[in-house]
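Asker: After the structure tokens below, expect a handful of questions from me.
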Amino acid sequence: MIRRLIVTVLATHLVILNASVVSSFEGPDPLLKSEAAPGQILVRYREAAPPQVIHSIAQRHELKTIRHFAGVKRGLRLQQVPAGKTVAATIEALRRDPNVEYAEPNYIYRVSVAEPEDTYFSFLWGLHNRGQSGGIAGVDISALKAWDITTGSSDVVVGVIDTGIDYFHPDLAANMWINVGERPDNGLDDDGNGYIDDVHGWNAQMDSGDPLDDNNHGTHVAGTIGAVGNNRLGVTGVNWQVRLMALKFLSAQGVGYVSDAIECIEYAIAMRRRGVNIRVLNASWGGPNASAALREAIEAAGRAGMLVVTAAGNNYDGAGLRGTDNDVQPIFPASYDLANTISVAAVDRRGQLAAFSNYGKSSVDLAAPGVSIASTVTLDRYGFFSGTSMAAPHVAGVAALALAIKPNLTVAAMKTTLVQGVVPLSSLQGKTRTGGMVNAFNTLQLVEQLNEPASEFQLSLDARPVTLRAGESVDVDLGVRSVAGFVGAVTLSTSFEPRVSNVSHRWSSNPVLLAPNDQVTIRLTLTAPIDVVPGSYRLTVEGVSGDVSRTVSLPVMIEPVFPDPGSG
């Protein structure tokens, strides 16, 4: 109740997210001179390596496994290097082992917030620029025109991988994602997903179900994506209605390990496979080190149907804020050239590339408002932040708007419409791939023109008739395929025509969990008792997921038990 008494005026100051070096490595590999978790490495063993070989390698190097990331990539592990051995030497030895795909430090990444300004602005110029405070009218994402098409949907979930979210904030609470299968604060994994008390998301930093923001950064990002609109309170997000999943891996100081970022992505993938409609991840953070493990995690998110929006990064030097060229000095994850990532630079209210913003003609896709952006911060407050961290959620928000009108959009379609819908700006020519700033109205118009197929699943059985002899069993392979990004659980059942009640069946897996564009083969074993009535039947298999139902059938001939011709 005390929290509700805090006044909700816009702050006239900004929180500066800086942190000291946590740890540094020295060694022959230049990668190891960067910030990383002391004594920790990410190792991916080759898929062909037998378990006993992997165990032998771990024993030889005295590695202790902290965590498996089987949901991202088989063989990927976070391991602890023993005291007395250096990370650099261990990685060097592992890289020479033919059973190791790669080994790397557990890097530390940082939020991408820039040096803040302390000027108070009462208008969200990034959404609707009327020329306020020296801006140029029309330099915005055309939110008002976009909102004539849609203001968002509570069926769309956006994951905010950051410092957490203040899910109590009155401008965010109604738009927070809720895990309906989980009871809060009872210390139990009620929904059986492997995570305890994960009501609003997951806190990988603390291995906890409470992702409450202790920094401000994640709450600010969340507000730009989806602060509740038209509620006569505070600010408005790009989406008036949406669901925000809090995925915390950054600390109160705005730093975090790449292994925890991977854990957040793994959580999002797991919930997507369980039917949660999470389609967009926002990553407003980065570092100079290319992590192969993080890259694979982001690729896995793409296979699960998620677009990952990244901040291009900010740069400082002794003279102040000077953005650098990501083509020359890459920052990650923004510089991963992946089909499901989009990298975002920042512009100011006059359409100029922000002084702090990184850029890249080949590595940064587009720009978005990122200077003096008003949004939610913790403890029911509001504040202005600047940075590519603030630009990225504008793009993530537009992607969520697109999904509100076309829920079955593929990742490729989301990225294409965002890129093709930009408004060119002279300041961005030669600085980004598109030379333009994201535009919500243009993107939605392009989305409306798409002829996207309906999301569903399909079943297929062997075309050949099945012969089943009384007293024996036979196996039938059933194909279950995701179409147009379908995701969810498909429950299977069988029936015979004419009806036969005494033929039993067993599934190798039921229900079937499908990822987007996934195809699995399920084995159905039919067993006929001795006293079954011989004859011709038709086997029908039905699959059901929500309101979607599909059936497939094939002939089954049940033969009697023939007497042994050799018996007299």
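The values are calculated or read from the model by the stated rules, or taken from the named source; none is laboratory data. Since this is a predicted model, take the numbers as computed values, not measurements. Virtual Cβ from ideal backbone geometry, glycine too; neighbours counted across all protein chains shown. When the accessible area is computed, the model is the full protein with side chains, heavy atoms only, and any ligands, DNA or RNA have been set aside. Shrake-Rupley method; radii C 1.70, N 1.55, O 1.52, S 1.80 Å.
Asker: So which residues in the range 215-249 are assigned to a helix (DSSP H, G or I) and not polar (S, T, N, Q), if there are any at all?
Answerer: Scanning the range 215-249 gives H217, G218, H220, V221, A222, G223, I225, G226.
Asker: Can I ask one more? How many of the residues in the range 368-382 are in contact with a helix residue (DSSP H, G or I) (Cβ under 7 Å, 6 or more places away or on another chain) and more than 21 Å from G138 (Cβ to Cβ)?
Answerer: Residues that pass the stated criteria total 6.
Asker: Quick one: which residue in T378, T417, T388 is touching a strand residue (DSSP E or B) at 6+ places or on another chain (Cβ under 9 Å), of a type in the set (S, T, Y), within 20 Å of V158 (Cα to Cα) and buried (at least 22 other Cβ atoms within 10 Å of the Cβ)?
Answerer: Only one candidate qualifies: T388.
Asker: On the basis of being open to solvent by 30 Å² or more (accessible area, probe 1.4 Å) and over 30 Å from G275 (Cβ atoms), does G436 make the cut? Spell out the reasoning first.
Answerer: Working: open to solvent by 30 Å² or more (accessible area, probe 1.4 Å): no; over 30 Å from G275 (Cβ atoms): yes.
When the stated conditions are applied, G436 does not pass them.
Asker: When you go through V242, V199, V156 one by one, which is the residue that is touching a Ser or Thr at 6+ places or on another chain (Cβ under 8 Å), among the hydrophobic types (A, V, I, L, M, F, W, C) and either more than 22 Å from A37 (Cα to Cα) or modelled with pLDDT of 95 or more (or both)?
Answerer: Going through V242, V199, V156 in turn, just one is touching a Ser or Thr at 6+ places or on another chain (Cβ under 8 Å), among the hydrophobic types (A, V, I, L, M, F, W, C) and either more than 22 Å from A37 (Cα to Cα) or modelled with pLDDT of 95 or more (or both): V242.
Asker: Examine the range 530-540 for a residue that is of a type outside the set (A, V, I, L, M, F, W, C), surrounded by fewer than 16 Cβ atoms within 10 Å (Cβ to Cβ) and without any contact (Cβ under 8 Å) to a residue 40 or more places away in the chain, and state whether such a residue exists.
Answerer: Among the residues of the range 530-540, at least one is of a type outside the set (A, V, I, L, M, F, W, C), surrounded by fewer than 16 Cβ atoms within 10 Å (Cβ to Cβ) and without any contact (Cβ under 8 Å) to a residue 40 or more places away in the chain, which makes the answer yes.
Asker: Scan the range 206-215 residue by residue and report those that are more than 29 Å from S386 (Cβ to Cβ) and in contact (Cβ under 8 Å) with a residue 24 or more places away in the chain.
Answerer: If the condition is that a residue be more than 29 Å from S386 (Cβ to Cβ) and in contact (Cβ under 8 Å) with a residue 24 or more places away in the chain, then G209 is the only one that fits.
Asker: Can we say D260 is of a type outside the set (K, R), crowded, with 24+ Cβ neighbours inside 10 Å and either within 29 Å of I141 (Cβ to Cβ) or touching a residue at least 24 places away in the same chain (Cβ under 8 Å) (or both)?
Answerer: yes
Asker: Would you list the strands (runs of 3 or more DSSP E) that sit entirely within the range 358-422 and hold 3 or more residues that are within 20 Å of D348 (Cβ to Cβ) and within 16 Å of the chain's Cα centre (by Cα)? Break it down into steps so the answer makes sense when it comes.
Answerer: Details: elements: 366-369, 373-377, 381-385.
Qualifying strands (runs of 3 or more DSSP E): none found.
Asker: Between G194, G201, G218, which is open to solvent by 50 Å² or more (accessible area, probe 1.4 Å) and in contact (Cβ under 8 Å) with a residue 40 or more places away in the chain?
Answerer: Answer to the check: G194.
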